[in-house]
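All remarks here apply to the structure that follows.
The values are calculated or read from the model by the stated rules, or taken from the named source; none is laboratory data. Every value quoted in this text rests on a predicted model; they were computed, and no experiment measured them. Glycine also receives a Cβ, built like all others from the backbone with ideal geometry; neighbour counts cover every protein chain displayed. Quick note on the areas: whole protein, heavy atoms, side chains included, nothing else; ligands and nucleic acids left out. Shrake-Rupley method; radii C 1.70, N 1.55, O 1.52, S 1.80 Å.
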Amino acid sequence: MEILTPESYSEGLYEEDAVLERVKAVIRNKNMPEISIAPGYGRLLTMLVSMISAKKVLEIGALGGYSGICLARGLKEGGKLVSLELKQEFADVAKQNVEDAGLGHYVEYRIGEALVHLKSSLEQGERFDFFFIDADKVNYPNYLELAIQLANPGAVIAGDNTLMRGKVIDAAQTKASVQAMRKFNETIARDPRLESTVLPAYDGLALAQVK
């Protein structure tokens, strides 16, 4: 008999999302890392983007387009998603998947180091209403600081994988990526510029609103 977890029970309440299942199949077939955001958090991204009526969204880490679709689904006509991706081949897959989902007109891909693009956006005076961070863990604290600087008042910042499969609560784990995530979580919780919470389901999701 299958043993249900809170996550599997919750997912069982929803019908399968054929579009997102296809994205996962494409990622698998292309031997890309199967590390897309959890379905429940994907639905949450869509809701949050829609609830705050975000006009401009920034995604750090496109992978195969799963989270991009979730974010773009929350946008209204005229909205824009800027997606930063280190690897051209991943961005190409993401772009095709987002276009196949009928959402390609919302998304602009920028290829290369995310920190370079973020600093360039800051210099150019760009501002965003929503941020989704799901890339290399070592730079999470840097991404968070730049997101705060790029944020319109009231903007929401979401960061995935904040538990790192339990590594952040294991004192024996001292890798740079784990220490960076601990710093990210602590900043989310304590920075006076933010109102925040950390959701412990799946692999953890931090949510903060810029004051």
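Before moving on, here are some points about what is shown:
- Using just its DSSP H runs of length 4 or more, each adding -39500 (n - 2.57), the chain gives a mean residue ellipticity at 222 nm of -13000 deg cm²/dmol after division by all residues.
- F131 accessible area, assembled protein chains, probe 1.4 Å, Å²: 0
- Placed amide H near K56: partners under 5 Å, 5+ positions off or other chain: K80, D129, F130
- Derived scalar couplings ³J(HN,Hα) [segment 170-185; Karplus, 6.51 cos²θ - 1.76 cosθ + 1.60; whole Hz; x for Gly, Pro]: 9, 4, 6, 8, 10, 4, 4, 5, 5, 5, 5, 5, 4, 5, 4, 4
- Normalised by the number of residues in the chain, the average gap of Cα pairs under 8 Å and 6 or more apart makes the relative contact order 16 percent.
- For segment 160-167, backbone phi angles converted through the Karplus equation (6.51, -1.76, 1.60; θ = phi - 60°) give residue-by-residue couplings of 8, 6, 6, 9, 6, 6, x, 5 Hz, Gly and Pro being listed as x.
- Average accessible surface area per residue within segment 148-211, 1.4 Å rolling probe, Å²: 51
- Gaussian network model of the chain, springs between alpha carbon atoms under 10 Å - residue of G12, G159, G112 with greatest fluctuation: G12
- Computed from the C-beta positions of A172 and S53, the FRET efficiency with R₀ = 41 Å rounds to 0.40.
- Separation of the alpha carbons by more than 28 angstrom is noted, of K76/K137; K55/K87; K183/K211; K95/K175; K95/K137, for K76/K137; K95/K175.
- Residue-count net charge about A25 - beta-carbon cut-off 14 Å; Lys, Arg +1, Asp, Glu -1: -1
- Spatial separation of Cα centroids for segment 72-143 and segment 178-211, in angstrom: 20
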